[in-house]
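The values are calculated or read from the model by the stated rules, or taken from the named source; none is laboratory data. Treat the numbers as computed from the prediction; the structure is a model and nothing was measured. A quick note on method: Cβ atoms are made from the backbone with ideal geometry, for glycine too, and the neighbour counts reach across all protein chains shown. The area values use the complete protein model at the heavy-atom level, side chains included, leaving out ligands, DNA and RNA. Shrake-Rupley method; radii C 1.70, N 1.55, O 1.52, S 1.80 Å.
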Amino acid sequence: APIRATTTFFVYLQAFSDHMLGIKKIYTYVLQNFLVLLMMTFLICVFILLMQFVWMHVNDLVGKGVAVTVLAEFFIYASATVVPLALPLAILLASLMTFGNLGEKVELTAMKAAGISLFRIMRPLIVAIGMISVGAFFFSNNVLPAAQTKLWTLIFSLRQKSPELAIPTGEFYKGIPDHQLYVRHKDTKTGLLRDLMIYDFSNGYRDAAVILADSGRIYFTADKKFLKITLYSGEAFENLNDQQKSRNTIGSVPYRRETFSTRSMLIEFDSGFQRYDDSILEDQHVSKNLVQLIHSIDSVSGISDSIAAVQGHELIATHYLNREIQPNEPLTAVDRQTIESHSVDQAIARMTKPRQLATARAAVESARQAADRVSFNRVMLNDTQYYIRRHEIELHRKFTLSFACLIFFFIGAPLGAIIRKGGLGMPTVISVVMFIIYYMIDNTGYKMARDGLWDVFQGMWLSSAILLPIGIFLTYKAATDSAIFNPEAWGKMAEKLLNTFKNIRRHFVRHTETDDPGTR
């Protein structure tokens, strides 16, 4: 008996160890497939969103002649700013493809047949997504503000940089400030420009000067802050409109004509790249972490509350809600008694026509002044309230990113287990549709919160509140092996509904015929 008990114990221990070893292999296999797909889809999503962001700011990059290192900084910082959109989409697509591949290869069915539930299969991925969500919060709190500050500082610097000097032939070039240049021919070897025409608008369009030259050269000074134009064999025409105004003469406008063999012009044209300091965005919501956002919200909220309190005291002090109108004629004892008894209609009825008209005009003027005061108070409070809303929106964004990662996982994994289609076909279509729905809902809530139409909490958590029940429903259906996307199941359900409708209609017709007096 002791030998038999010991043998049975070791058999069960061996079976348990084999089972745990199999579970560990399954965890490693599922986790490895998911992480590979997540990395691949994340890079693809970042690339697509980065190209969309670059297209929006293409005018700030093209034709500026900036160094390759500046462009590399732009792409690095822009890649960091698109992570809040790319990461949830990548998690949705990766989880959908992972469980779709498992279902298509019948591996998911084999795991369930071995007694492993869907939640147990998802356990390592839930842990991984939890760690990714925590990392996403720290990324949005520490890395994202710095990246956004660097990116927008760089964009503002690029917008202020003068475009690269690239003069075309056969058309007017307007890249030089207050000047327009026309070149008919250009020697690419020597850099000599032929048949030049220059319109100088530095003194205004009414006092424009026109310069014609047979040839010329254009180059920058040593410090690259000025553009030097040397012209050969030409003429210059300039009207003297200012002299005509000083002489108070009426008639044709005098002009001056100049013939030259060589003429030089120096035009201010800073072609260097001047980078702004990051301090220009130090008070903006995009450059602050969680602690800084809370501090700014508390500080500005105190200022806003004090302004509102002062405005309220002013309204009460001026009897805004109970202003007494003093007419030009003195009130009689009867009128005063009527007003004190709050019978305004009787008081107005006892007044003479001129006094009624004067009272009405005074009331209209009082209402107009009150409306102007309210409008002024609204303007005074609007800036501070908008500042607070933008900071609160950025505060909630740091949490909605992490929560969106969890929601999209619990949408993608059950969907993959239900549809059982891997690859990039069906999962990509479903992921794009779900992400578009999420983006539309999230953008709507953001605009409502930004404009003050909704509370910031409601607007920023609207998309999560709508998609969370969908994720719970899909997870429940996948865990119970529900054929939610099976056409036959939908056909049977439709047939049941149709039969139910027919039975109800037949029952209704039978009772109608029974209650008809003509059938009695």
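The calculated FRET efficiency for Asp455 paired with Tyr173, based on their beta-carbon distance and R0 = 56 Å, is about 0.60. Taking a point 7 Å out from the Cα of Tyr476 in the direction of its Cβ, the residues of the range 95-126 whose backbone N falls within less than 19 Å of it are 118-120.
Extending 7 Å from the Cα toward the beta-carbon at both Met40 and Gln180 defines two label points whose distance is 5.6 nm.
Placing a pseudo-label 7 Å from each Cα along the Cα-to-Cβ vector at Ala362 and Met56 gives an inter-label distance of 5.8 nm.
For the range 346-426, the average shadow cast by the Cα convex hull is 13.0 nm², which is a quarter of the hull's surface. Taking a straight line from the alpha carbon of Lys288, these lysines sit under 18 Å away, with near neighbours fewer than eight places off in the same chain left out: Lys150, Lys398. When all protein chains stay in place and ligands, DNA and RNA are ignored, the 1.4 Å accessible-area order of Trp454, Trp461, Trp55, largest first, is Trp55, Trp454, Trp461. With a simple spin-label model that places each label point 7 Å from the Cα along the Cα-to-Cβ direction, the separation between Asp207 and Lys105 comes to 8.1 nm. Estimated from the Cβ-Cβ distance and a Förster radius of 41 angstrom, the FRET efficiency linking Lys353 and Arg378 is about 0.65. Can you classify the range 39-151 as rounded, prolate or oblate using the Cα gyration tensor, where a ≥ b ≥ c are the square roots of its eigenvalues, rounded means a/c under 1.5, and otherwise it's prolate if a/b beats b/c and oblate if not? It is prolate, given that a/c is not under 1.5 and a/b is the larger ratio. In terms of the mean number of neighbouring beta-carbon atoms within 10 Å, the peptides 397-410, 167-180, 361-374, 275-288 order highest first as 397-410, 275-288, 167-180, 361-374. Place a label point 7 angstrom from the Cα of Asp195 along the Cα-to-Cβ direction, then list the residues of the range 203-233 whose backbone nitrogen is under 16 Å away. 212-216, by backbone N distance to the label point.
FRET efficiency for the Tyr219 to Tyr386 pair, using the beta carbon distance and R₀ = 60 Å, is estimated at 0.80.
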